[in-house]
Protein chains: 2
Amino acid sequence: PEKLRAKVVEFARTAKKVGQDDPRRIIHALKVGLAMTSVSMFYYFNPLEDGFGDSTMWAVLSVIVVFEFSVGATLGKGLNRGIATFLAGCLGVGVHCLATLTGERGQPILLGLFVFLIAAMVTFLRFFPRIKARFDYGLMIFILTFCLISVSKYEDEEVLDNAFERLSTILMGASTAVITCIIIWPVWAGDDLHNLVATNIEKLGTFLEGFGGEYFRVSGDGQSQEGDKAFLQGYRSVLNSKGTEESLANFAKWEPHHGRFTFRHPWNQYLTVGALTRQCAYKIEAISRYLNSDIKTPPEIQSKIEEACTKMSSECGKALKELALAIKTMTLPSLADPHIANSKIASKNLKALLKTQLWEDNDLLEMIPAATVASLLIDVVASTDKIAEAV
Amino acid sequence: PEKLRAKVVEFARTAKKVGQDDPRRIIHALKVGLAMTSVSMFYYFNPLEDGFGDSTMWAVLSVIVVFEFSVGATLGKGLNRGIATFLAGCLGVGVHCLATLTGERGQPILLGLFVFLIAAMVTFLRFFPRIKARFDYGLMIFILTFCLISVSKYEDEEVLDNAFERLSTILMGASTAVITCIIIWPVWAGDDLHNLVATNIEKLGTFLEGFGGEYFRVSGDGQSQEGDKAFLQGYRSVLNSKGTEESLANFAKWEPHHGRFTFRHPWNQYLTVGALTRQCAYKIEAISRYLNSDIKTPPEIQSKIEEACTKMSSECGKALKELALAIKTMTLPSLADPHIANSKIASKNLKALLKTQLWEDNDLLEMIPAATVASLLIDVVASTDKIAEAV
């Protein structure tokens, strides 16, 4: 019982965390509950004629399968499902009629051949990267519907009725899901992508703002304040953000005009900005290692480069934060320009410093991070700037 | 017509590329075709009694939905589907009986309430990261089956029959998919994961082996041979391998004993190795930037550090390649040890070189990459070594 209790507590804690991380999840769960209840009640009372009967089940199935977290994903799945069912239905009815003409014996052979060909070809299509990204679900539904309709045993007219019935119930289910998803507190994948890209840039900015001070404090007195170092870890989530960004962009492409975004918003631009942000994050990952390095830089060297490095790092951080803000508010990132200029000046100073001074017999390894951050970041900030202006 | 022709050619080229990249895709498509045909023919001839009738459709549906590229994914989906249908069926029948007891009026209210609660709660469960990774599909099927069974209009006994019928056809469909997937040229997610991790390490090794020579040639005579530089780009795919590795590991956990892998193979170990590999790749990403740097190092400096750096880089590369080979053949990576030792010696030499020599008035920035690669890589190689030994 002790173990069981621990597990229950653990479970409750996870549930709380999942809910707190994104309260929209709770709303989403309630929305799914609502959509399922309404379509189930429709199934239960079944106001339509008896012939519609069991097909209503397809509506229930469609709701649960189509309903996704974001509007874009739901719309994409709904449209995929609707269009694929329609096309496969037409093809299926055609093949069914054709097979009927060949008579009793030829029919199963012809049908089997068609099913094999269509299933194999469409499955192969699903491996095409571009098609997979947007129509994977539709292709699956296409195979399914085609098989069910073409192989069914009904007579020609019944097949048409059957196909039509199924299409209409599926459309009903899918539209229930889409409408519930859009009307009640919609979650737009586009908004999420927008915020993700901006937040990622902001995280890098936060790191850089703090890095200069932290680095020289750590290697200066060999000790740093404990606590509130979370900002130094924040950038880590940026490293693996590629998958999330790509799927959000795919969903966002399905979404209609909403809020500040039009239907054909340049979503791919976000992917470009995201990729540059990741490039920058890789460099920061390399730099951050020096925070806990064993090798200590002699103080006299430190004090020489400290000013330029701290300035560079904090100005870059400020510039990135301004860029993030500019993306969030969708304005031109003119406020970032002076910071970029400042950081460029600081990096020039540092380079001159390194050139003109005769370094004494010191371990060069210690100067590396500061110098690296300089040359790397200026480039990245400049290129991010270019992209941000395009938003 | 010109445009259309260009599109057709483009399409054919993509198809060829998709097939060539991984010929197993073609086999997979044929396998799906085969499974669909056999289950469709079953549906068509329907050897069982009439009562089974329309339920056979569930078999067709299960095949296409459950059949995935790798055995692990197919097994996972099949088991999820089977178990979820069974549990939801039991619960659904129970709730249905309960609702019948409450009489005409109470029934729809009670049913609606249950559907809402179950759908909302289970949907929320799907957000739990651990549950999502392995049971996402099962939870969806759970909601679906529960709604369909509990809300159905049949009398108590009919409901039981209905539920049983559906369960058996679904099991039939799912097992058709699983059996076809395992018997005919199976694609094991575990093998893929194993190869992916080993290949990634190998890619880093190839880069490092080539890097030393390439770097000093480029910055030496300002020119490098064109062509066969692909090895310098190969490491890039490692940067974003996290998602693929994680999903393969999830699939692999479903797979039974096969080839050199047992059922409870330590798949998580691969994720650890993969994460370390990615850490190393981030550093290489930072280093590789210096290959095309504008800043030129004076030749006299270059010649001083060239030997140590080249040695270090190539020995690290060799060590990583040995590690990759050791993972592939599943042996202890003892052949990598001397290379690691060599690279450590080389890095010590370089450090000493940097310490003892009084550097003239030169731009320090140019020495950075070589020195960085030294200190960074030794650590990474050592830690990879530790993990590789555990395989």
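The values are calculated or read from the model by the stated rules, or taken from the named source; none is laboratory data. Predicted model, so just to flag it, every value in this text is computed and none were measured. Because the Cβ atoms are built from the backbone with ideal geometry, glycine has one as well, and the counts that use them run over all protein chains shown.
When you go through A:84, A:88, A:59 one by one, which is the residue that is over 26 Å from residue A:182 (Cα atoms), more than 10 Å from chain B (Cβ to nearest Cβ) and crowded, with 21+ Cβ neighbours inside 10 Å?
Going through A:84, A:88, A:59 in turn, just one is over 26 Å from residue A:182 (Cα atoms), more than 10 Å from chain B (Cβ to nearest Cβ) and crowded, with 21+ Cβ neighbours inside 10 Å: A:88.
In the set B:102, B:37, which member is within 10 Å of another protein chain (Cβ to nearest Cβ) and either over 28 Å from residue A:60 (Cα atoms) or free of Cβ contacts under 8 Å to residues at least 40 places away in the same chain (or both)?
Working: B:102 fails: within 10 Å of another protein chain (Cβ to nearest Cβ).
Result: B:37 is the single residue among B:102, B:37 that is within 10 Å of another protein chain (Cβ to nearest Cβ) and either over 28 Å from residue A:60 (Cα atoms) or free of Cβ contacts under 8 Å to residues at least 40 places away in the same chain (or both).
Check A:255, A:246 and return the single one that is within 19 Å of residue A:187 (Cα to Cα), part of a helix (DSSP H, G or I) and modelled with pLDDT of 80 or more.
Checking each option against the conditions leaves just A:246.
So, residue A:239, is that one modelled with pLDDT of 75 or more and hydrophobic (A, V, I, L, M, F, W, C) or not?
So residue A:239 fits the description; yes.
Against the condition surrounded by fewer than 20 Cβ atoms within 10 Å (Cβ to Cβ) and farther than 30 Å from residue B:260 by Cβ, how does residue B:173 come out, does it pass? Spell out how you get there, then give the answer.
Details: surrounded by fewer than 20 Cβ atoms within 10 Å (Cβ to Cβ): no; farther than 30 Å from residue B:260 by Cβ: yes.
It is false that residue B:173 is surrounded by fewer than 20 Cβ atoms within 10 Å (Cβ to Cβ) and farther than 30 Å from residue B:260 by Cβ.
Is it the case that residue B:30 is assigned to a helix (DSSP H, G or I) and touching a residue at least 60 places away in the same chain (Cβ under 8 Å)?
no
Residue A:133 passes all but one of (1) over 30 Å from residue A:41 (Cα atoms); (2) crowded, with 18+ Cβ neighbours inside 10 Å; (3) more than 10 Å from chain B (Cβ to nearest Cβ); which number fails?
Unmet for residue A:133, out of (1) over 30 Å from residue A:41 (Cα atoms); (2) crowded, with 18+ Cβ neighbours inside 10 Å; (3) more than 10 Å from chain B (Cβ to nearest Cβ): (2).
Of these, A:144, A:160, A:148, A:171, which one is assigned to a helix (DSSP H, G or I), touching a residue at least 40 places away in the same chain (Cβ under 8 Å) and more than 20 Å from residue B:40 (Cβ to Cβ)?
A:171
So in region B:304-331, with the set limited to residues that are surrounded by fewer than 21 Cβ atoms within 10 Å (Cβ to Cβ) and under 21 Å from the mean Cα position of the chain (by Cα), which one is farthest from residue B:191 (Cα to Cα)?
B:325
Restrict the check to region A:203-219 and report whether at least one residue is at pLDDT 80 or above, within 25 Å of residue A:73 (Cα to Cα) and part of a helix (DSSP H, G or I).
The answer is no; no qualifying residue exists.
To keep it simple, each residue is scored yes or no on (1) surrounded by fewer than 23 Cβ atoms within 10 Å (Cβ to Cβ); (2) within 35 Å of the chain's Cα centre (by Cα); (3) within 30 Å of residue B:137 (Cα to Cα).
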| site | (1), (2), (3) |
| --- | --- |
| A:63 | no, yes, yes |
| A:66 | no, yes, yes |
| A:73 | no, yes, yes |
| A:104 | yes, no, no |
| A:112 | yes, no, yes |
| A:119 | no, yes, yes |
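For region B:267-297, which positions are more than 9 Å from chain A (Cβ to nearest Cβ), at pLDDT 75 or above and surrounded by fewer than 22 Cβ atoms within 10 Å (Cβ to Cβ)?
B:267, B:268, B:269, B:271, B:272, B:275, B:276
Could you list, in sequence order, all residues of region A:87-139 that are of a type in the set (D, E, K, R) and touching a Gly at 6+ places or on another chain (Cβ under 9 Å)?
Matches in region A:87-139: A:134 only.
Kindly provide the set of residues from region B:70-102 that are within 22 Å of residue B:121 (Cβ to Cβ) and in contact with an Asp or Glu (Cβ under 9 Å, 6 or more places away or on another chain), ordered by number.
B:80, B:93, B:96, B:97
Among (1) at the interface with chain A (Cβ under 9 Å from one of its Cβ atoms); (2) over 25 Å from the mean Cα position of the chain (by Cα); (3) within 20 Å of residue B:66 (Cα to Cα), which single condition is residue B:140 missing?
(2)
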